[in-house]
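Rule-based calculations on the coordinates, nothing more; no lab input. Since the model is a prediction, treat every value here as computed from it, not as a measurement. For neighbour counting, all protein chains shown are included, and Cβ atoms are generated from backbone atoms with ideal geometry for every residue, glycine included.
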Amino acid sequence: MNKILKLKKNYEFKNVLTRGKCYSGNCLNVFIKRNNFNTNYIGIAISVKFAKAVKRNRIKRLISENYRLLEKNLKKGYNIVFLWKRNVDFYNANFYNIKNDMINIFKKAGLLEE
C-alpha cells in the first residue's frame, strides 16, 4: 500500500490556491495545479471556525480515505488541495457524500481515467 504524499508547507498551499484552477462540489472546493513530478500531492484544509478538532479530523480522515481509493484512477503529476465548505453541515460529511463529490469534481477537471 502506497503512502499518500501530502503538501505540508504554507507556501505549497498558497501556490496551489493562487495559481491552481478551482472546482466546486456540494461539500468540497478543490484546487488543482500541475506539478513537475510524476506523483500527486494532496493538501486538506478545514477552517478552525467550522468545528472543533475532533470533527475536523474526522472530515480529514474521510477525505484522505476517499482519495486513497480513487488515487489509482487519477492522472499523475498534480497538486490537489481540498477545502471543506464552511456552510455545509458536519452531519452531511459521510463517506458516500464525499466520494460522490470527489468523483464529480475529478470528472469535471478531467483527471479521472476510467
In nm, spacing of pseudo-spin labels at Lys6 and Arg34 (7 Å Cα→C-beta vector): 2.8 nm
Over 25 Å (Cα to Cα) - which of Lys9/Lys108; Lys21/Lys52; Lys8/Lys99; Lys55/Lys108 fall in this group: Lys9/Lys108; Lys21/Lys52; Lys55/Lys108
Formal net charge of residues neighbouring Tyr78 (Cβ-Cβ distance under 12 Å; K, R +1; D, E -1): +4
Anchor Lys14: lysines whose Cα lies under 18 Å away (excluding residues fewer than 8 positions away in-chain): Lys6, Lys33, Lys85
Total charge dipole magnitude, the chain, about the Cα centre, Cβ charges on Lys, Arg, Asp, Glu only, Debye to nearest 20: 440 debye
Karplus-derived 3J(HN,Hα), 6.51/-1.76/1.60, for each residue of segment 41-46, Hz, glycine and proline x: 10, 10, x, 10, 10, 10
Neighbour cut-off at most 10 other Cβ (10 Å), DSSP loop, trypsin sites (Lys or Arg not before Pro), segment 13-68: Lys49, Lys52
Trypsin sites (Lys or Arg not before Pro) restricted to DSSP loop in segment 77-108 with at most 14 other C-beta within 10 Å: Arg86
222 nm mean residue ellipticity, helices alone, for the chain (DSSP H n ≥ 4; -39,500 (n - 2.57); rounded to 500): -12000 deg cm²/dmol
Cα-based reach from Lys76 at 16 Å (exclusive), listing aspartates and glutamates while leaving out same-chain residues under 8 positions away: Glu113, Glu114
Net length gained if the chain between Asp89 and Glu113 were fully extended (0.36 nm per residue, minus Cα distance): 5.6 nm
